[in-house]
Amino acid sequence: MNEANQVIDRLFEVFRARNNNELANFLGIAYNTISTWRNRNTIPYHICVDVAKRKKISLDWLLLGRGQMYWKEYSPAVDSAMNTIQEPRPVPYLTEDKTLTASLLKNMDQLFHELSELKQRIDRLEKS
């Protein structure tokens, strides 16, 4: 199973969705977007970060399948760190010739950077 399918399956688990339509309604997206993610092996990182923030879900669990689903301990300090993540910007996923756009690559780099910073903040908070 590809990585996108595993992440999407975990999103289904978070919302206890029974089908694409239910999950799409929870996420506020078109139902066929989920099939597109699966077919293109695309992980919706900005949605995963938003879901983790709103539902107190571990990003390690959601993105990598490691650890527990929920944060070990919820604290206002962790919530404050999560709130520093910028809102996602709409980005075209693929061009007509099915190649990734430069805009997408730049956005992915930014998301990876934000995820890395978030993980470091959470690690520091857990140690304090």
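Highest mean packing comes first when the peptides 29-35, 56-62 are listed by Cβ atoms within 10 Å, giving 56-62, 29-35. Within 13 Å, Cβ to Cβ, of N32, how many net charges do the neighbouring residues add up to if Lys/Arg are +1 and Asp/Glu are -1? Within the 13 Å Cβ shell, the charges total +2. Once C-alpha pairs closer than 8 Å and six or more residues apart are averaged by separation and normalised to the residue number of region 1-43, the relative contact order reads 45 percent.
Counted by Cβ distance under 11 Å from F12, the other residues give a net charge of 0, where Lys and Arg count +1 and Asp and Glu count -1.
Values in this text are rule-based calculations from the coordinates and carry no lab data. Please read all numbers here as calculations on a predicted model, not as lab measurements. Neighbour counts run over all protein chains shown; Cβ positions are idealised from the backbone, glycine included.
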